[in-house]
1. Hey, got the dipole for the chain? About the Cα centre, +1 on K and R Cβ, -1 on D and E Cβ, debye to the nearest 20?
2. Springs between alpha-carbon atoms under 10 Å, Gaussian network over the chain: tell me which of 204, 39, 61 tops the mean-square fluctuations.
3. Give a residue-ordered list of calculated ³J(HN,Hα) values for the stretch 23-38 (Karplus: 6.51 cos²θ - 1.76 cosθ + 1.60, θ = phi - 60°; whole Hz; x for Gly, Pro).
4. Compute a Gaussian network model of the chain, connecting alpha carbons closer than 10 Å, and tell me which residue from 170, 86, 17 fluctuates the most.
5. As an exercise, identify the trypsin sites (Lys or Arg not before Pro) in the stretch 1-105 lying in DSSP coil whose Cβ has no more than 12 other Cβ atoms within 10 Å.
6. Taking the alpha-carbon distance from residue 123 and a cut-off under 27 Å, which lysines remain once sequence neighbours fewer than 8 residues away in the same chain are dropped?
7. Please report the spacing between the Cα centers of the stretch 151-175 and the stretch 59-91 in Å, no decimals.
8. Would you work out which of 103, 62, 144 lies farthest towards the positive end of the dipole of the stretch 3-253? Charges go on Cβ: Lys and Arg +1, Asp and Glu -1.
Amino acid sequence: MTVLSVNLNKVALIRNSRDTTSPSPVEFAAIAVAAGAGGITVHPRPDQRHIRVSDCLALAGSADVEFNVEGNPFADPMASDRAGVSDYPGFMALVEATRPAQATLVPDGNAQLTSDHGFDLRKDGDRLAPIVAQLKDWGCRVSLFMDPEPEDMALAAAIGADRVELYTESYAVAFAAGDYAQVLDRFSQSAAAAHAAGLGVNAGHDLNLMNLPKFTIPDLLEVSIGHALTVDALRFGFAESIKRYIEALAARASQ
């Protein structure tokens, strides 16, 4: 069964819109786990626009399931501009402090609204290889955020990654347009190439209750979902939404 890892960024974003501690990412992590989620994901950015350093530290000590920290491994420290909010120490320093079960490396810049592309390992592979090795020395499983390009999967394995997370926006867009078979086949080919290279396969970005059951790529280990799940929580409630996503994953597996 594919693991649902619940991304708590938007829970933190709601909190940060006010000078308050509510809603608490730690509290909602506990709700997610009680509802059946198998993982908790956070993607802290240097400007701490949503998940903060303090959230990462608190979740690392409280999550009873896999804790996954995403981010750009090249991100430098950044001073906080909000009173009472710790400075961002840099991605690698934050991972060293929290020691998550999984570190997902994503090539996002500070100006990006959200992640919008995978790594170009022909350009960044040499820089990433020692970072991957360091993360594994800290006990983290390492996943690389990648576009669905079958020929690139062996490159991820060559620098020591354990998994890839396939960037699924192109699938979500094609699904919404009603013509997704060719795009889905590209993802299936990428998953097959990853498996052939000895990599596990995760996926994430814009997956939702409608398109997730049809995302039938082979041997999918984990999906990370935050934005769509938080929107659905406004309709159905947080715990109920998680249950519906687990049902959607079960429907995917049955096809």
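1. Numbers: 20 positive and 32 negative charges, 108 e Å.
The calculation lands at about 520 debye.
2. Top of the fluctuation ranking is 61.
3. Per-residue couplings from phi come out as x, 8, x, 5, 4, 6, 4, 5, 5, 4, 5, 4, 7, x, 5, x Hz.
4. So, out of 170, 86, 17, the one fluctuating most is 17.
5. On the way: sites: 10, 15, 18, 49, 52, 82; in loops: 18, 49, 52, 82.
Answer in residue order: 18, 82.
6. 136
7. Comparing the Cα centres of the stretch 151-175 and the stretch 59-91, I get a distance of 24 Å.
8. Among 103, 62, 144, the one farthest towards the positive end of the dipole of the stretch 3-253 is 62.
Readers should treat all values here as calculations from the given coordinates under stated rules, not as data from a laboratory. Predicted, not measured: the structure shown is a model, and the values here were computed from it. As a convention, Cβ positions derive from the backbone with ideal geometry for all residues, glycine included, and neighbour counts pool all protein chains shown.
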